[in-house]
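Undergrad: What follows is a structure written as structure tokens; I'll ask about it next.
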Amino acid sequence: MKKILVTGALGQIGSELVVKLREIYGVNQVIGTDIREADGIIAEGPFEVVDVTDASQLYQVANKYDVDTIMHLAALLSAKAEENPKLAWHINMGGLVNALEVARELNLQFFTPSSIGAFGPSTPKDHTPQDTLQRPTTMYGVNKVSGELLSDYYYHRFGVDTRGVRYPGLISHVTLPGGGTTDYAVEIYYEAIKKKTYTSCIASGTYMDMMYMPDALNAIIQLMEADPNRLKHRNAFNISAISAAPEDFAKAIQKHIPEFKLDFQVDPFKQKIADSWPNSIDSSAAAEEWDFKATYDIDKMTAEMLEKVSHKFV
Ligand code: NAD
Ligand code: AKB
């Protein structure tokens, strides 16, 4: 039976991933960790406060619980990273190398997500291939490309079983996103329920890849359980479900809330990041090598998001 340590467990992904892993592998098999104390459902199983920039703390907790897998999620996202690039380097790269070292020392399987942010303005924008030009212009992107290379390096150099995906913007209703460029695609649902109107900080016509959280969680579990002999890539698999601009979300919402109105007040800082990312990425390597398949399109996701978010405000 797997025993998994999750870093950044209280974030948008971790707060749902820990619950799902505990359902599959058992509550005591999944150790949540974060830089802050847990409450709610995550605190109902094993949890430790761990700062990933502290290598010895991370090693001690992994060793104490005798885990066989690390899922490393702790990071600063794109907008926050751009506001404080030096801190982003410290957390995103310092934390990653510490987690990889623990995986090497204790012989653990390892997962960490990269992002569509690993691409840059010179990357082909449509159907962005799995293997292509990566010259990102954000600190987050620099961290993500470096992380992809570092994860590959630990596999080739030390034999660590590293695996990872390039996530698109993730849309969910449990924990709010933590400071990214695609956060608008979550906020729009909350504002649709609360006010029937939304002011987008991302301009009309700006396409980015998106995915609903259940597909994102299934992807981690499927990739980690995939037959290693089938994996030609190991880290940074392109995966996507939806390519959408703000008006596509508005149209999907209007099918349920016809009076919903979208307007725009573009944030130049976030827009510049969004403009440097692909319109749509090609997930065929993930499909070929470990059967990745998203199950939610924008309409199916929208129906569920509106229902789940509306329950929060009754
Ligand atoms: P998040 O910002 O919601 O959560 C990150 C968590 O890390 C937070 O709970 C925070 O407290 C914790 N953390 C921050 N600094 C820490 C430190 N020094 N030590 C320990 N914990 C620390 O992020 P998320 O959306 O859950 O993203 C998780 C990973 O997935 C990141 O690597 C991110 O780049 C990647 N990713 C996310 C998305 C998305 O849309 N959410 C898309 C692509 C990639
Ligand atoms: C962000 O916008 O920073 C994240 C991502 C796509 O990596 N959601």
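Condition check ((1) touching a residue at least 12 places away in the same chain (Cβ under 8 Å); (2) closer than 21 Å to S240 by Cβ; (3) in a loop (DSSP other than H, G, I, E, B)) across all residues:
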| position | (1), (2), (3) |
| --- | --- |
| V266 | yes, no, yes |
| I273 | yes, yes, no |
| N279 | yes, yes, yes |
| A287 | no, yes, no |
| K293 | no, yes, yes |
| D299 | yes, yes, no |
| L306 | yes, no, no |
| H311 | no, no, no |
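Undergrad: Return the only residue of I70, I42 being crowded, with 18+ Cβ neighbours inside 10 Å, in a strand (DSSP E or B) and away from ligand 2 (no atom under 16 Å from the Cβ).
TA: Going through I70, I42 in turn, just one is crowded, with 18+ Cβ neighbours inside 10 Å, in a strand (DSSP E or B) and away from ligand 2 (no atom under 16 Å from the Cβ): I70.
Undergrad: Might you check whether a residue that is over 21 Å from the mean Cα position of the chain (by Cα) and either over 25 Å from T162 (Cα atoms) or within 15 Å of ligand 2 (Cβ to nearest atom) (or both) occurs anywhere in region 204-219?
TA: Looking for residues that are over 21 Å from the mean Cα position of the chain (by Cα) and either over 25 Å from T162 (Cα atoms) or within 15 Å of ligand 2 (Cβ to nearest atom) (or both), one finds at least one in region 204-219, hence yes.
Undergrad: So, one more: In region 131-149, what residues are away from ligand 1 (no atom under 14 Å from the Cβ) and either of a type in the set (D, E, K, R) or out of contact with any helix residue (DSSP H, G or I) (no Cβ under 7 Å at 6 or more places or on another chain) (or both)?
TA: Matches in region 131-149: D131, T132, L133, R135, T137, L149.
Undergrad: I want to confirm something. Restricting to region 150-159 and keeping residues that are surrounded by fewer than 24 Cβ atoms within 10 Å (Cβ to Cβ) and either within 7 Å of ligand 1 (Cβ to nearest atom) or not charged (D, E, K, R) (or both), which single residue is nearest to G117 (Cα to Cα)?
TA: The qualifying residue nearest to G117 (Cα to Cα) is L150.
Undergrad: If the requirement is being out of contact with any Lys or Arg (no Cβ under 8 Å at 6 or more places or on another chain), within 12 Å of ligand 2 (Cβ to nearest atom) and either in a loop (DSSP other than H, G, I, E, B) or at negative phi (or both), which of these qualifies: L76, L133?
TA: The unique qualifying residue is L76.
Undergrad: Let me ask you something else. Could you count how many residues in region 103-130 are within 13 Å of ligand 1 (Cβ to nearest atom) and part of a helix (DSSP H, G or I)?
TA: 3
Here, each number is a calculation from the coordinates, and none is a lab measurement. Just so you know, these numbers come straight off a predicted model, no measurement behind them. Glycine also receives a Cβ, built like all others from the backbone with ideal geometry; neighbour counts cover every protein chain displayed.
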